[in-house]
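S.K.: Structure below; questions to follow.
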Amino acid sequence: MTKQKVMQAILQCNERGDKAFVPYIMAGDGGLQTLKKNILFLQEAGAAAIEVGIPFSDPVADGEVIQQAGERALTEGVTLRKVMAELASFKEEVTVPLVIMTYLNPILSYGLQAMAADCENSGVYGLIVPDLPLEESGLLKSALEGTDIALIQLVSLTSPAERINAIAEAAEGFIYAVTVNGITGVRDSFTEGLEDHLERLKAASSVPVLAGFGISTPEHVRSLGALADGVIVGSAIVSAFHEGDLPTIRTLIDASKNQVSQI
Amino acid sequence: MQKTETKGRYGKFGGQFVPETLMTALQELETAYEEAQQDPAFSEELNGYLKDFVGRETPLFFAEHLTKHAGGAKIYLKREDLNHTGAHKINNSLGQALLAIRMGKKKIVAETGAGQHGVATATACALLGLECVVFMGKEDIRRQELNVFRMELLGASVVSVDKGAGTLKDAVNEALRYWVSNVEDTHYILGSALGPHPFPQIVRDFQCVIGNETKQQIMEKENRLPDAVVACIGGGSNAIGMFHPFVDDEDVKLYGVEAAGSGISTGKHAAAIAGKQEGVLHGAYMYVLQDEDGFIQEAHSISAGLDYPAVGPEHCHLHDIDRVQYDSVTDQQALEGLQLLSRVEGIIPALESAHAVYYSVQLAKKMKEEEILVICLSGRGDKDVQTVRDALGGQA
């Protein structure tokens, strides 16, 4: 069976007693040369997988922190092509699966088949495309057929039960459970009903469920991690890298360790 | 691009390329719209407002002097500039505001470029008692200062967007982000025939009043359909509203005029169809101005309303099947068109519509005297007087 690599990385974490921690970084924020350094740091610090964001001219699903990181990366001249080439150059050193997060248009411009082939050649085992909902996912799924690259779908709080089931059925790698109505970014609180929502998702899904959007503190990592198989942390990681605050990143990742109750 | 299963396709164009959080809202909108279409009370209410509040129907005016000046086909003007708020935008804003009320949503978000859609939406919201937030690019706010104040007078809050070039594209990004975050109580009134399904269809349907009236009026005046119909295209809402009722009338030639800005060859333009590149922006697969890495490029046009780097999906399809001919007109030519119509007919057109005026004069020259050409005069030029004065160095 294909589409195993990302899922297995998460399951292995859970088996060790940890929640899966998947950090998001903006590729090329601070220059393309930071990409390798940051990935290797996160890998060593205990990330289950790493989401590599591609800057885009029109990031409609992103909040201020990631928008600004994207603008800095665009100013550095970072493109999907350059990121794929850079990832290929140090893939032997990367032991965790990488997941590319990009809006659709850069992939269309890259070419769907070329993208699939270059992912395989760069240690990329998943794609998250925030503007490609289930209904439109066919075009990318067919290009990824027969590869070990999962097309990871998002589920939102607004998705009704029927839709959750349809997405869960088609899910690959993991389900990205968006924990807020809104765009990426730091938040103080989460809506009531989130617990039930994540419960329903886990029940419907045969792949792990990771919670993301708005998770920014060790406390969030523990509390939301408890409701899912792991968490995705974006803006807080992006800010910490931008400020050179590596201890904060370690603290966030450490909060995911030893959180699975052993039976 | 491969065909997918989605509704809302125009050939290969269109679709629903949006974050998952919006999918449910789009499906709700689709259902609410289908129900509204079946409900005679809905169209009765809308038509009542269009008649008594907007002032429809708008005249179809025989432009005798412009006709003489061109020396070819008889030129008629469909006077959308005479609508309340000064452009065709109100047709759609009112329709969608009524839809929002049907869906139980009390808050409206909208984007605006020239400010016409923002003013129209603020107006509809004032009339119907809805809360209204309008996102507008910083550069457009500078170009269209008075429209900002107009919206504020109408009770809307206008939010300046200083990202990117601070124009329409950036305003749409911000409006979409706002909608994603407030989707449960807010409806997004998209102003052009763009965006994810069902927006291109809804906007087209509400704008079809333009073409439907034109058809009836030309039959009354000339007892036949026109030979040519011309409209300007930014996102393409006035054009699709004018064209759509004529699409099956094969003898009626349709012409869409894009903004060539400083000239297509300079790269500083807003002519997405002329740019020939396909891609996804703001939820739809369309012709989109972009660079070789798939980053969306800024559009350039003297007219804020045409300053958008893509063209609505139905236009893209009409181009591909050769039903509509799409050409472009530069800033300079549009200014000439604006001056000409002002002098010979006493009508100052919007800079957007002036693109269609310039093109039509050239086209009419090549047509026979007994032939008929209709221009969709989508808006009036009051909002552009400052821009035009600056561009002409104060020399009218």
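S.K.: How many nm is it between the label spots at A:Ala88 and B:Ile321, if each spot is 7 Å from the Cα in line with the beta carbon?
M.R.: 4.1 nm
S.K.: Please report the net charge: other residues with Cβ closer than 14 Å to the Cβ of A:Glu93, K and R +1, D and E -1. Write out the running numbers ahead of the final one.
M.R.: Working: positive: A:Lys36, A:Lys37, A:Lys91; negative: A:Glu44, A:Glu86, A:Glu92.
Computed value for this residue: 0.
S.K.: Another question about this same structure. Percent of alpha carbon pairs in the stretch A:183-263 separated by more than 15 Å?
M.R.: Values: 1886 of 3240 pairs.
It works out to 58 percent of all Cα pairs.
S.K.: Between B:Asp251 and A:Glu243, with labels modelled 7 Å along Cα→Cβ, what's the label distance in nm to one decimal, could you check?
M.R.: 7.3 nm
S.K.: Just list whichever of A:Lys37/A:Lys141; B:Lys215/B:Lys253; B:Lys51/B:Lys107; A:Lys19/A:Lys82; A:Lys141/B:Lys7 have alpha carbons separated by over 21 Å in the model shown. Please list the in-between numbers first.
M.R.: Working: A:Lys37/A:Lys141 31 Å; B:Lys215/B:Lys253 14 Å; B:Lys51/B:Lys107 25 Å; A:Lys19/A:Lys82 32 Å; A:Lys141/B:Lys7 18 Å.
Over 21 Å Cα-Cα: A:Lys37/A:Lys141; B:Lys51/B:Lys107; A:Lys19/A:Lys82.
S.K.: Per residue of B:294-301, count partner chain C-beta atoms within 10 Å of its C-beta, then hand back the mean as an integer. It would help to have the intermediate numbers written out before the result.
M.R.: Numbers: counts 15, 11, 5, 1, 1, 0, 0, 0.
Counting Cβ atoms of other protein chains within 10 Å of each residue's Cβ and averaging gives 4.
S.K.: Of A:Thr34, A:Val52, A:Val6, which is farthest towards the positive pole of the stretch A:1-69's charge dipole, taken about the Cα centre with +1 and -1 on the beta-carbons of Lys, Arg and Asp, Glu respectively?
M.R.: It is A:Val6, whose Cα lies furthest towards the positive end.
S.K.: Would you calculate, for the protein assembly as shown, the mean residue ellipticity at 222 nm contributed by helices, counting each DSSP H stretch of 4 or more residues as -39,500 (n - 2.57) and dividing by all residues, to the nearest 500? Walk me through the numbers on the way to the answer.
M.R.: Values: 28 runs with 286 residues, N = 659.
Mean residue ellipticity, 222 nm, calculated: -13000 deg cm²/dmol.
S.K.: All other residues with a Cβ under 13 Å from the Cβ of A:Gly230 taken together, and with Lys, Arg as +1 and Asp, Glu as -1, what is their net charge? Before the final figure, lay out each step's value.
M.R.: On the way: positive: A:Arg16, A:Lys19, A:Lys202, A:Arg222, A:Lys257; negative: A:Glu15, A:Asp18, A:Glu51, A:Asp229.
So the environment of A:Gly230 carries a net charge of +1.
S.K.: Still on this structure, please answer the following. Between B:Leu146 and B:Gln332, what is the spin-label point distance in nm, taking each point 7 Å from the Cα along the Cα→C-beta axis?
M.R.: Reported label-point gap for B:Leu146 and B:Gln332 is 2.8 nm.
S.K.: Would you please report the Å³ per residue occupied by the convex hull of the alpha carbon atoms in chain B? It would help to have the intermediate numbers written out before the result.
M.R.: Numbers: hull volume 51.5 nm³, N = 396.
Per-residue hull volume (Cα only) is 130 Å³.
S.K.: How do the peptides B:354-361, B:293-300 rank, highest first, by the average count of neighbouring beta carbon atoms within 10 Å per residue? Kindly include the intermediate steps, with their values, before the conclusion.
M.R.: Working: B:354-361: 29.8, B:293-300: 21.6.
Top to bottom by mean Cβ count within 10 Å: B:354-361, B:293-300.
S.K.: Would you kindly state how much longer the chain becomes between B:Glu292 and B:Arg102 on full extension, computed as 0.36 nm times their sequence separation minus their alpha carbon distance, in nm to one decimal?
M.R.: On the way: separation 190, 0.36 × 190 = 68.40 nm, distance 4.35 nm.
My answer for the length gained is 64.0 nm.
S.K.: Here is a further query. Could you state the per residue volume, in Å³, of the convex hull enclosing the Cα atoms of the stretch B:148-210?
M.R.: Roughly 127 Å³ of hull volume per residue.
S.K.: Does anyone have the angle between helix B:331-345 and the longest principal axis of chain B? Alpha-carbon axes, 0 to 90°, nearest 10?
M.R.: 60 degrees
S.K.: Starting from 0 in steps of 5 Å, tell me what percent of the Cα-Cα pairs of the stretch B:206-318 lands in each bin.
M.R.: 2, 13, 21, 20, 16, 12, 9, 5, 2, 1, 0
S.K.: Could you grab the Rg to Rh ratio for the stretch A:24-108? Cα atoms only, Kirkwood for Rh.
M.R.: Details: Rg = 12.2 Å, Rh = 12.9 Å.
Ratio of gyration radius to Kirkwood radius: 0.94.
S.K.: Could you work out the local net charge near A:Val260, counting Lys and Arg as +1, Asp and Glu as -1, over the other residues with Cβ closer than 15 Å to its Cβ? It would help to have the intermediate numbers written out before the result.
M.R.: Values: positive: A:Arg16, A:Lys19, A:Lys202, A:Arg222, A:Lys257; negative: A:Glu15, A:Asp18, A:Asp229, A:Asp254.
Within the 15 Å Cβ shell, the charges total +1.
S.K.: Semi-axes of the equivalent ellipsoid of the stretch B:71-221: what are they in whole Å, largest first, if each equals the square root of 5 times a C-alpha gyration tensor eigenvalue?
M.R.: Details: eigenvalues 149, 69, 41 Å².
Largest first, the stretch B:71-221 gives 27, 19, 14 Å.
S.K.: Explain nothing, just the number: dipole magnitude of the stretch B:266-396 about its Cα centre with +1 on each Lys and Arg Cβ and -1 on each Asp and Glu Cβ, in debye rounded to the nearest 20.
M.R.: Numbers: 10 positive and 20 negative charges, 88 e Å.
The calculated dipole for the stretch B:266-396 is roughly 420 debye.
S.K.: Can you compute the equivalent ellipsoid semi-axes for the stretch B:303-391, i.e. the square root of 5 times each eigenvalue of the Cα gyration tensor, sorted largest first and rounded to whole Å?
M.R.: Numbers: eigenvalues 105, 73, 21 Å².
Result for the stretch B:303-391: semi-axes of 23, 19, 10 Å.
S.K.: Turning to a different aspect of this structure: Once the dipole of the protein assembly as shown is set up with Lys and Arg at +1 and Asp and Glu at -1 on Cβ about the Cα centre, which of B:Leu46, B:Val357, B:Ala87 lies farthest towards its positive end?
M.R.: Positive-end residue among those listed: B:Val357.
S.K.: Moving to a separate point now. When the Cα centres of the stretch A:105-143 and the stretch B:5-62 are compared, how far apart do they sit, in Å?
M.R.: Between the Cα centre of the stretch A:105-143 and that of the stretch B:5-62, the gap is 32 Å.
S.K.: If ligands, DNA and RNA are left out, what is the accessible area of A:Leu157 with a 1.4 Å probe, given in Å² to the nearest 10?
M.R.: 40 Å²
S.K.: Kindly provide log₁₀ I(q)/I(0) values, in the same order as q = 0.09, 0.10, 0.12 Å⁻¹, from the Debye equation applied to equal alpha-carbon scatterers of the protein assembly as shown.
M.R.: -0.74, -0.88, -1.18
S.K.: In the Gaussian network model of chain A, springs joining C-alpha atoms below 10 Å, which of A:Gln12, A:Gln67, A:Gln43 carries the largest mean-square fluctuation?
M.R.: Looking only at A:Gln12, A:Gln67, A:Gln43, the biggest GNM fluctuation is shown by A:Gln12.
S.K.: Write out the cysteines belonging to chain B for which the nearest other cysteine Cβ is not under 4.7 Å, or none if no such cysteine exists.
M.R.: Singleton cysteines: B:Cys208, B:Cys232, B:Cys316, B:Cys376.
S.K.: Put one equal scatterer on each alpha carbon of the stretch A:106-263, apply the Debye formula with no solvent term, and list log10 I(q)/I(0) at q = 0.12, 0.14, 0.17 1/Å to two decimals.
M.R.: Debye curve over Cα of the stretch A:106-263, log10 I(q)/I(0) at q = 0.12, 0.14, 0.17 Å⁻¹: -0.58, -0.78, -1.09.
The values are calculated or read from the model by the stated rules, or taken from the named source; none is laboratory data. Please read these numbers as outputs of a predicted model, since none were measured by experiment. Quick reminder, even Gly has a Cβ in these numbers, built from the backbone with ideal geometry, and neighbours come from all protein chains shown. Heads up: the accessible areas ignore ligands, DNA and RNA and are worked out on the full protein's heavy atoms, side chains in. Shrake-Rupley method; radii C 1.70, N 1.55, O 1.52, S 1.80 Å.
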